[in-house]
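Have a look at the structure below before the remarks.
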Amino acid sequence: MTVYMFPSITPSSSTFELVTNTRTFQSPLTNAVQTVGRKGSLWKVSMQFNNLSGNDRAIMQAFLTKLNGQEHRMYLYDHSATKRGIAPSNPADTLLVNGADQTGAILLADGATANQNGYLKAGDYIAFNNELHMVTEDVNSKSDGGLEFEKPNSDGTTTTTNGIPLAPPIRKPTVNDQAIDYLQPIFGVFMLSSATSWDNQAGIVSSFTIEAVEDVLV
């Protein structure tokens with residue numbers, strides 16, 4: 001298996017979806033509902049490329065053929081994403097995972113520029129360990145370069161908590177000091193979820209619909 005970079009062709013439209021691995025159980029006696037979240041939530045993307053011609057058409061055809069169905073993978077990102085936080089871009093911080101074997105919905109991290117409010121913002125993407133995640137609360141950097149956020153409580157108050165809150169939850173245990181990518185574009189590793197073809201029109205013009213899901217095993 002090889003992971004290829006997706007061609008630098010912008011889709012006419014795209015849909016990004018988080019497919020959650022949750023299960024709901026309802027009591028047949030009381031109708032009470034219990035919901036359980038489990039590992040394995042992943043991103044799903046659908047991209048439409050309308051009326052490609054010339055080089056773009058040929059490049060897209062060759063790329064999809066090269067994937068050979070689900071044999072190979074591709075690096076993809078959310079084309080609608082924008083960087084909201086003030087984490088520096090040039091030069092970029094060396095943001096790192098702080099601690100091995102982390103799981104769950106909070107990632108401990110360090111290496112940030114110190115004392116920055118809004119270092120990352122809710123809706124920003126980050127990636128590490130071949131996993132793509134979205135930041136779910138605004139994150140500030142501390143004096144030591146670590147990161148923290150205000151965790152909402154059920155009574156309406158907040159508690160200052162170390163780490164980056166994210167979704168989906170971490171799938172694979174982390175490796176200490178692994179790099180965290182926060183610069184746009186931020187890539188995940190995806191595979192085709194269905195057979196891919198293209199519609200041809202007169203004048204050698206083609207339209208493509210590409211559907212893919214994040215590979216949770218890489």
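Remarks
- All positions within segment 48-69 that are of a type in the set (A, V, I, L, M), over 24 Å from the mean Cα position of the chain (by Cα) and assigned to a helix (DSSP H, G or I): Ala58, Ile59, Ala62
- Of the criteria (1) surrounded by fewer than 19 Cβ atoms within 10 Å (Cβ to Cβ); (2) in contact with an Asp or Glu (Cβ under 7 Å, 6 or more places away or on another chain); (3) in contact (Cβ under 8 Å) with a residue 60 or more places away in the chain, which one Gly118 fails: (3)
- Single residue of Thr196, Thr113 found to be surrounded by 15 or more Cβ atoms within 10 Å (Cβ to Cβ), farther than 19 Å from His79 by Cα and among the polar types (S, T, N, Q): Thr196
- The criterion of at least 3 residues that are under 20 Å from the mean Cα position of the chain (by Cα) is met by the following strands (runs of 3 or more DSSP E) wholly inside segment 136-218: 164-170, 188-192, 205-214.
- Residue match in segment 33-44 (condition: exposed (fewer than 14 other Cβ atoms within 10 Å of the Cβ), without any contact (Cβ under 8 Å) to a residue 24 or more places away in the chain, in contact with a strand residue (DSSP E or B) (Cβ under 7 Å, 6 or more places away or on another chain) and over 27 Å from Thr161 (Cβ atoms)): yes
- Filter result for Ile186 (farther than 22 Å from Val213 by Cβ and surrounded by 16 or more Cβ atoms within 10 Å (Cβ to Cβ)): no
- Selection of segment 3-42 for residues being under 20 Å from Lys172 (Cβ atoms) and at pLDDT 95 or above yields only Val3.
- Within segment 55-81, the residues that satisfy the criterion of being in contact (Cβ under 8 Å) with a residue 12 or more places away in the chain and loosely packed, with under 12 Cβ neighbours inside 10 Å are Glu71, Ser80.
Condition check ((1) out of contact with any His (no Cβ under 6 Å at 6 or more places or on another chain); (2) at positive phi; (3) not charged (D, E, K, R)) across all residues:
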position: Ser8; (1), (2), (3): yes, no, yes
position: Glu17; (1), (2), (3): yes, no, no
position: Thr20; (1), (2), (3): yes, no, yes
position: Gln34; (1), (2), (3): yes, no, yes
position: Val45; (1), (2), (3): yes, no, yes
position: Ser53; (1), (2), (3): yes, no, yes
position: Leu67; (1), (2), (3): yes, no, yes
position: Thr94; (1), (2), (3): yes, no, yes
position: Gly99; (1), (2), (3): yes, yes, yes
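- Arg84, sole failed condition from (1) crowded, with 19+ Cβ neighbours inside 10 Å; (2) touching a Lys or Arg at 6+ places or on another chain (Cβ under 6 Å): (1)
- Test: residue in segment 193-206 that is closer than 25 Å to Val19 by Cα and of a type in the set (Asp, Glu): no
- The condition of being among the β-branched types (Val, Ile, Thr) and in contact with a Gly (Cβ under 9 Å, 6 or more places away or on another chain) holds for only one of Thr65, Thr103, Thr94, that being Thr94.
- Total residues in segment 107-130, condition under 19 Å from Glu150 (Cβ atoms) and of a type in the set (S, T, N, Q): 3
The values are calculated or read from the model by the stated rules, or taken from the named source; none is laboratory data. Since this is a predicted model, take the numbers as computed values, not measurements. Positions of Cβ are backbone-derived with ideal geometry, glycine not excepted, and every protein chain shown enters the neighbour counts.
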